[in-house]
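Asks: Got a structure for you, questions after.
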Amino acid sequence: MRAFFLHKAAIVCYCILGLYLFNLQIIQGAKYAELSDKNCIRLISQSGSRGKIRDARGREIAGSHVAYDVILLPQDRADVQKPLTSLAGLLGTDYVSLRKSFLQNYVAPSIPVVIAQDVGLKKASAIEERRFDLDNVIVQANSSRYYPYGRLACHVLGYISEIDRWRLTKLEDYGYKKKDLVGFGGVEERYDYYLRQEDGGLSVEVDHRGRFIRTLGYKPGEQGRDLQLTIDLRIQKIVEESFADKGCVIVMDARTGAVAALASNPDFAPSAFVERPRRNVGELFASNSAPLLNRAINGVYPPGSVFKMLVACSALETGKIDGRTTTDCAGGTMIGRRLFQCWDTHDRQDVVGAIAHSCDVFFYKAGIAAGPQAIHDYAVRFGFSRPSGIELPYEASGAVPNPLWRKISQFKPWYDGDTANLAIGQGELLVSPLQVCRMTAVFANGGKLVTPFIVKAIDATDVSRQHTRVVDLKLKGETLRLIRKGMRKAVEEGTCNALVSLPVSVAGKTGTAQISGRQSDNHAWFTGFFPYDDARYVICVFLEKGGHGVSAVTVAKEVIGRMCQEGLLDVTAGAPRPGAT
């Protein structure tokens, strides 16, 4: 009886086992076959080459060069002494260091381990010559970002680094993944989608223990798309060598908005983020001088007297003053019960002389005559309080105080004293140097507001027309004539007199923006255009805590003078004519 039950139990077990095997091999066979294939194939990623960035004349500002990494495919974590010993001699290092690098990067037998990075062509070739004696050792060529001009135009370029969690969350659906190198700041970030490469790699077969068996296939990486910028490295180099103070300089085409040079100081080395190992990167983020900040577009500051041109424009356009309007400057004027001082005694001034000599008293009265709302509205028309639209990330908007909004939302009255401060570029007014440069272009090109842009072509396809946006502000011809004449007179006999000796005619305006009671804390401004009769370039110089506007004029003189010396300007066409206004 016992034998009978054992016999029946065995039959039941065999039936269950048979059904289980039938399920594995027949019903779910395709599924497990696919899992088996996936389990025995490993992909070793190999990066492509990031797109190149060139200047307006085709010179490479950011490119890529080949870096050779040595990779070990570990069969067994404990059995790496032989290949590491052989590699130590070829790499000129010791076994202990290589083993330490291996143990730090080891994850599993099926995952390749990088034991040496950027070993150089000579060492890579020596390893390749002995590849048949070095089991499971691969020399992998990777693309590494290269900056042939070092720090030059670093804030325009930005830098590349490993993708962070925030960007990965936003970009994962577009094919980005962990460990990808992406752009941070500058065109590296704004045009990352175009510049980024398509990775390739090796497909290898491993056994059930994850040990390498053979190579199944290889797909080379593909290069990203190239960018050509409007930046002219000759002008960019002149600009960066012309000032060492904290601040920025912008040189822009007055007619189109194409940026020829944009420099911010302190600067940084983009190569610091791609060096192996990375050094001193933490210091860049921790530094009080904020070297990663692009002061030309990301910083906002009180503009001081360079804002007076816009105040003059608003007063002239609204008919509150004209070319015959004059004001006596005795060094100050009473507004309400407070004395508002001028920086000097200018006697009788019209609008041309007030711009040339930067007379505060004239603009106190002109601003009050025009009214704070008119000043606000014209400032908005000129592009203040909003980003200009340049293709660089994180552009600041600035702020133009709105008296009507203050009354409605904050229930605070607006006084004539507030208007007086606004009229000389002080108070709650904040602007970026690029916005000041854009404003100046309006007076240089006959009343048209341009949109600054910095990318000229993508993969040799001209895209500049897509960025060139010019809006006619429909200003009166007399308004433009008077303001231009005042800016030219500022060079001939006013606050910008140091520029009169240049071989090209310049028109400009200085500014000294107060941020505390100490003069040493004042910001220094200069903005202008040249040649005067047929403006080609606009220049804006901003020196953070640079003292007086004369300091900024000195920088502008150096930049324009060297542009003339190096043949970047037609000096004959731009030379001042006797009696020209």
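Asks: Could you please give the count of residues in segment 102-133 that are closer than 25 Å to V274 by Cα, polar (S, T, N, Q) and at pLDDT below 75?
Replies: Qualifying residue count for the region: 3.
Asks: Being under 27 Å from the mean Cα position of the chain (by Cα) and surrounded by fewer than 24 Cβ atoms within 10 Å (Cβ to Cβ) is the filter here; which residues of segment 530-540 pass it?
Replies: Correct list: R536 only.
Asks: Identify the single condition in (1) out of contact with any helix residue (DSSP H, G or I) (no Cβ under 6 Å at 6 or more places or on another chain); (2) surrounded by fewer than 19 Cβ atoms within 10 Å (Cβ to Cβ) that D416 does not satisfy, given that it satisfies every other one.
Replies: The single condition D416 does not satisfy is (1).
Asks: Now for a separate question. Just to be sure, is P403 closer than 21 Å to E317 by Cβ and in contact with a Leu (Cβ under 8 Å, 6 or more places away or on another chain)?
Replies: no
Asks: With the requirement that a residue be among the aromatic types (F, W, Y) and either free of Cβ contacts under 8 Å to residues at least 24 places away in the same chain or surrounded by 22 or more Cβ atoms within 10 Å (Cβ to Cβ) (or both), what does segment 149-177 give you?
Replies: Y159, W166, Y174, Y176
Asks: Right, F340: surrounded by fewer than 22 Cβ atoms within 10 Å (Cβ to Cβ), of a type outside the set (S, T, Y) and more than 30 Å from N298 (Cβ to Cβ) or not?
Replies: yes
Asks: List every residue pair whose Cβ atoms lie under 7 Å apart, where the two residues are 6 or more positions apart in sequence or sit on different chains, the first residue falls within segment 382-393 and is more than 17 Å from T468 (Cβ to Cβ), and the second residue, located anywhere, is crowded, with 18+ Cβ neighbours inside 10 Å and of a type in the set (S, T, N, Q).
Replies: Cβ pairs passing all conditions: F384/Q435.
Here's the yes/no breakdown for (1) assigned to a strand (DSSP E or B); (2) in contact (Cβ under 8 Å) with a residue 60 or more places away in the chain; (3) not assigned by TED's automatic domain parsing to the domain that holds V455:
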position	(1), (2), (3)
V251	yes, yes, no
T256	no, yes, no
A260	yes, yes, no
A263	yes, yes, no
S271	no, yes, no
E283	no, no, no
S289	no, no, no
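Asks: Failed condition for I483, given (1) farther than 17 Å from A254 by Cα; (2) in contact (Cβ under 8 Å) with a residue 24 or more places away in the chain, with all others met?
Replies: Here I483 meets the rest and fails (1).
Asks: Let me ask another. I'm trying to understand the selection: among the residues of segment 346-359, which are surrounded by 24 or more Cβ atoms within 10 Å (Cβ to Cβ) and part of a helix (DSSP H, G or I)?
Replies: Listed by number, the residues that qualify are V351, A354, I355, A356.
Asks: I'd like to know if segment 453-465 contains one or more residues that are modelled with pLDDT of 95 or more, touching a His at 6+ places or on another chain (Cβ under 6 Å) and closer than 22 Å to V249 by Cα.
Replies: Among the residues of segment 453-465, at least one is modelled with pLDDT of 95 or more, touching a His at 6+ places or on another chain (Cβ under 6 Å) and closer than 22 Å to V249 by Cα, which makes the answer yes.
Asks: If you don't mind, there's one more thing I want to ask. Quick one: is G389 out of contact with any helix residue (DSSP H, G or I) (no Cβ under 7 Å at 6 or more places or on another chain), on the phi > 0 side of the Ramachandran plot and in the same structural domain as V351 (by TED's automatic domain parsing)?
Replies: So G389 passes the test.
Asks: Let me ask you something else. Please state which one of K489, K476, K509 is in the same structural domain as G389 (by TED's automatic domain parsing), modelled with pLDDT of 95 or more and surrounded by fewer than 16 Cβ atoms within 10 Å (Cβ to Cβ).
Replies: The match here is K476.
The values are calculated or read from the model by the stated rules, or taken from the named source; none is laboratory data. Small disclaimer: the values here were computed from a predicted structure and weren't measured. Backbone-built Cβ (ideal geometry, glycine too); neighbour counts: all protein chains shown.
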